[in-house]
Amino acid sequence: MDGVTENDISHVIEADKAHVWHHLVQHKPFEAGDPRIIVEGKGMRVWDATGKEYIDAVSGAVWTVNVGYGRTSIADAIRDQIVKLNYFAGAAGTVPGAIFAEKLIAKMPGMSRVYYANSGSEANEKAFKMVRQIAHKRYGGKKHKILYRERDYHGGTIGTMSAGGQTERVMQYGPLAPGFVAVPHAMEYRAQWDLSGEAYGERAAEAIEEVILREGPDTVGALCLEPITAGGGVIVPPVGYWQRVQEICDRYDILLHIDEVVCGMGRTGTWFGYEHYGLRPDFVTLAKGVASGYAAIGVTVTTEKVFDMFKDDATDPLNHFRDISTFGGCTAGPAAAIENMRIIEDEGLLDNTTAMGARMLANLEGLMDKHRVVGDARGKGLFLGLELVADRTTKEPVPEKDIAAVVADCAAQGVIIGASNRSVPGLNNVLMFAPALIATPDDIDQITDSVDRALSKVFG
Ligand code: PLP
């Protein structure tokens, strides 16, 4: 390293190219250029190692940094806590673990218990394990099946992939775990039934009931759904869907597991996505926005009714949740989460998300008038998608290379946007937006103006 210190950017790039295996990347074309190294962030903006500034319209690539970058109060909360006590797991409690659980439950009427882990996948795995154990305790193991929806994503572990509705994320990783069954997606834009609006929503929910009846209601323990399908293309289920889903779960005694890993903590303008639909979930899983990426944390939240099933018979040595997550004992996660929640509350970020989300959706809808390639603009709060099609009638998706060209052109303009990422073969044609909840009208306009220019450049 003649004259080059360890942190010099040329060395960092060399080290990255030589040793880092990046997420979701085909490394051969990737290595033809230099990786983008992000070195700093403040508010909505990040800077790469060359000093180039970007407005980040996806909150850290995967919709995580809800309160924005450079929050010294979260850094202080983490530091103060870990200097005092960084970690303790198992049966002992910690101060931030107890306090964050109390604050979170106060926002979730009907829920009462928080189980700590450290990622979204893990939070979902814990819920799946609880469902399986309830099946064994209450139903002789029979009511063990977990239904998941086409295009939904719940994580990268073998268990969560078994509940994976995104074909490309799951292919070649089998054999997967048994007892997971798919239900049809609820995307009206690519309709499976010749209906619209509420009638479509009700039909899509009835399709779930058909699967339950086919499998046998006495074999189905839980239904796991994203409130808005995220990486599968920002799919907001139609009106009428959720009410019917809740009725179906109640009718067949099926536990409703809402995966709020993306939508939770304000992303859609309410604390949780399920609040928009008046759902009464049995499990809610949260991760990304819980501490906005300042610390790793994932939580499985459930009701006292579920919790009671794991303690009702203390004489049975198997009658408790026989599970642990080593890093569920890190105090940095809940300490950061408490401060993250305070920021969302004190800065009025839920209202801002609703207002800025409406502005962004209107801007994106405006792009439909201008660019024939825009087939659909959709979303809720600050979680939005723009579906690009070669033909509005056939809805044939634009080629992936064109989506990549739009994303690259925006980046060249200093705007980082996302795309539904190679999860459903042939249908990875949705541009995705999830800016931090602190976005201003100027930020929103800067993002959509840059998309406008990129669409003109790529599609003419
Ligand atoms: N659930 C949803 C809806 C997600 O989008 C993701 C990740 O993107 C996960 C679960 C998995 O979370 P993690 O990557 O933290 O394991």
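Tell me which residues, restricted to region 383-419, are without any contact (Cβ under 8 Å) to a residue 40 or more places away in the chain, of a type in the set (D, E, K, R) and within 30 Å of G51 (Cβ to Cβ). The one that is without any contact (Cβ under 8 Å) to a residue 40 or more places away in the chain, of a type in the set (D, E, K, R) and within 30 Å of G51 (Cβ to Cβ): K401. When the residues of region 164-211 are filtered to those that are assigned to a loop (DSSP other than H, G, I, E, B) and acidic (D, E), the one that is surrounded by the fewest Cβ atoms within 10 Å (Cβ to Cβ) is D194. Any residue in region 156-173 that is at pLDDT 95 or above, of a type in the set (A, V, I, L, M), in the same structural domain as R267 (by TED's automatic domain parsing) and more than 14 Å from the ligand (Cβ to nearest atom)? No, there is no match, as no residue in region 156-173 is at pLDDT 95 or above, of a type in the set (A, V, I, L, M), in the same structural domain as R267 (by TED's automatic domain parsing) and more than 14 Å from the ligand (Cβ to nearest atom). Restricting region 27-47 to residues that are out of contact with any Asp or Glu (no Cβ under 8 Å at 6 or more places or on another chain) and either β-branched (V, I, T) or at pLDDT below 95 (or both), the residue that is surrounded by the most Cβ atoms within 10 Å (Cβ to Cβ) is D34.
Conditions (1) at pLDDT below 95; (2) within 16 Å of the ligand (Cβ to nearest atom); (3) polar (S, T, N, Q), marked per residue:
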site	(1), (2), (3)
R280	no, no, no
G289	no, yes, no
S292	no, yes, yes
A362	no, no, no
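Residue count for region 68-98 satisfying the condition of being under 12 Å from A337 (Cβ atoms), under 24 Å from the mean Cα position of the chain (by Cα) and among the aliphatic types (A, V, I, L, M): 2. Only residues that are surrounded by fewer than 19 Cβ atoms within 10 Å (Cβ to Cβ), in contact (Cβ under 8 Å) with a residue 60 or more places away in the chain and outside any helix (DSSP H, G or I) were counted in region 428-460, giving 1.
Each residue in region 180-206 was checked for being closer than 26 Å to P217 by Cβ and touching a residue at least 24 places away in the same chain (Cβ under 8 Å), and 16 pass.
Just so you know, in region 272-323 the residues that are basic (K, R) and outside any loop (DSSP other than H, G, I, E, B) include one that is nearest to the chain's Cα centre (by Cα), and it is K288.
Scanning region 275-303 for residues that are among the β-branched types (V, I, T) and closer than 16 Å to G60 by Cβ gives V290, I297. Just one of (1) more than 15 Å from the ligand (Cβ to nearest atom); (2) outside any helix (DSSP H, G or I); (3) at pLDDT 95 or above fails for C224. It is (1).
The values are calculated or read from the model by the stated rules, or taken from the named source; none is laboratory data. This one's a predicted model, so the numbers in the text were calculated from it and none came from an experiment. Note that each Cβ is placed from the backbone with ideal geometry, even for glycine, and that neighbours are counted across all protein chains shown.
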